[in-house]
Amino acid sequence: MVVFECVGCGAALTVPLSQVDRPDHEGFDWANSTDFTPPLLADGTYAAQGDFLVAPGDVRGLSWFGDNYEGNCCGVDGSAGPNLACACGRPVAVRVDDCSRWQVVHFAPGAVRPVGSPDPVRPWEDFAWDGASSIDGDLWWHRRVSIAAGVAAARVLVAANGARVTVPDGPLATVFRRTFDEWQPSTGRSRSLALAGPGVAEEADLLLVPRHPQTGEAWPGGAVAVSAELWRLLARDVRPVLPRTGGQWSEVLRDAPLPPRPRDIAPDHSAIRRTLSRRRA
Ligand SMILES: [Zn+2]
């Protein structure tokens, strides 16, 4: 694990953290609700890509900085720039916690450095690619995976380069076929899309592969890499088990009898649009 420290004074600014793949849903808002949108990252983890993202509860020794408290509703949205400073006075991070935002502290590039021993990178087979996970207390699975699917759909459309994308029946078709039909030409040349990854070696023009859950590295040979969480759904049709008690899915608990699993995933349209516009830019 590593601790992030201020490059100016060396103060420890986080608890010990382990690296995880950077989430696709970073930066996507969620509608206001009676509950705050939860942290972007699980406790005890960080994501990197030049800068560093951590959960707000994992920072230490920071205080509010300046007057950068822009926000739309119940918290700050980070749009005014750095709003957290080290005890030495250096502005080092932006906290985002408005109610529609995934809560996160974003350390600016060059403001902090990791010290300690990074966790060894686990082999691919070490991760649970087959088992169903529990979402007891995690009511955001559907939203997370819908955004990941929207980002993935846009990346596939870009990779297809104007060709029509065809998918085999099964989870790939359930999640993506309707979206591809909507966003791409109905005639002309086509390119096939299939899956490759741990225990799966399909053949197609374009392969959808998982990213490593720790490092975010893509499985070799893929045209588009997606989160391990989404890939597992597509490869194994594994959806989380609904809690028997505790949290509720407001959409499904109105049904009777109760369905055993969450409703199907549909790619999030704002994620498709934003990813396509970024690629074009
Ligand atoms: Zn400092």
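The values are calculated or read from the model by the stated rules, or taken from the named source; none is laboratory data. What you see is a predicted model, and the numbers here were worked out from it, not measured in a lab. Note that we place each Cβ from the backbone using ideal geometry, even for glycine, and neighbour counts take in every protein chain shown. Just the protein is used for accessible areas: all its heavy atoms, side chains included, with ligands, DNA and RNA removed. Shrake-Rupley method; radii C 1.70, N 1.55, O 1.52, S 1.80 Å.
Structure notes:
- Condition check for residue 74: over 23 Å from residue 273 (Cβ atoms), in contact with a Cys (Cβ under 6 Å, 6 or more places away or on another chain) and within 16 Å of the ligand (Cβ to nearest atom): no
- Entry remark, segment 40-62: residues being within 15 Å of residue 18 (Cα to Cα), of a type in the set (Gly, Ala, Ser) and open to solvent by less than 60 Å² (accessible area, probe 1.4 Å) number 5 in total.
- Check on residue 66, within 16 Å of the ligand (Cβ to nearest atom) and part of a loop (DSSP other than H, G, I, E, B): yes
- Among the residues of segment 196-219, those identified as open to solvent by 30 Å² or more (accessible area, probe 1.4 Å) and at pLDDT 95 or above are 204, 205, 207, 213, 215, 217, 218, 219.
- Verdict on residue 178 being closer than 17 Å to residue 270 by Cβ and assigned to a helix (DSSP H, G or I): yes
- Pair list, Cβ under 7 Å, 6 or more apart: segment 70-97 residue free of Cβ contacts under 8 Å to residues at least 12 places away in the same chain and in a loop (DSSP other than H, G, I, E, B), other residue of a type in the set (Asp, Glu) and more than 16 Å from the ligand (Cβ to nearest atom): 70/77; 79/70
- Output for segment 160-195, where each listed residue is of a type in the set (Phe, Trp, Tyr) and open to solvent by less than 10 Å² (accessible area, probe 1.4 Å): 176, 180
Every residue, every condition in (1) of a type outside the set (Val, Ile, Thr); (2) out of contact with any helix residue (DSSP H, G or I) (no Cβ under 9 Å at 6 or more places or on another chain), yes or no:
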residue	(1), (2)
150	yes, no
179	no, no
186	yes, yes
190	yes, no
198	yes, no
210	yes, no
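- Residues within segment 1-24 that are within 11 Å of the ligand (Cβ to nearest atom) and assigned to a loop (DSSP other than H, G, I, E, B), tallied: 6
- Qualifying positions in segment 63-95 - open to solvent by less than 40 Å² (accessible area, probe 1.4 Å), farther than 23 Å from residue 30 by Cα and out of contact with any Phe, Trp or Tyr (no Cβ under 7 Å at 6 or more places or on another chain): 86
- Output for segment 92-116, where each listed residue is more than 15 Å from residue 52 (Cβ to Cβ) and within 15 Å of the ligand (Cβ to nearest atom): none
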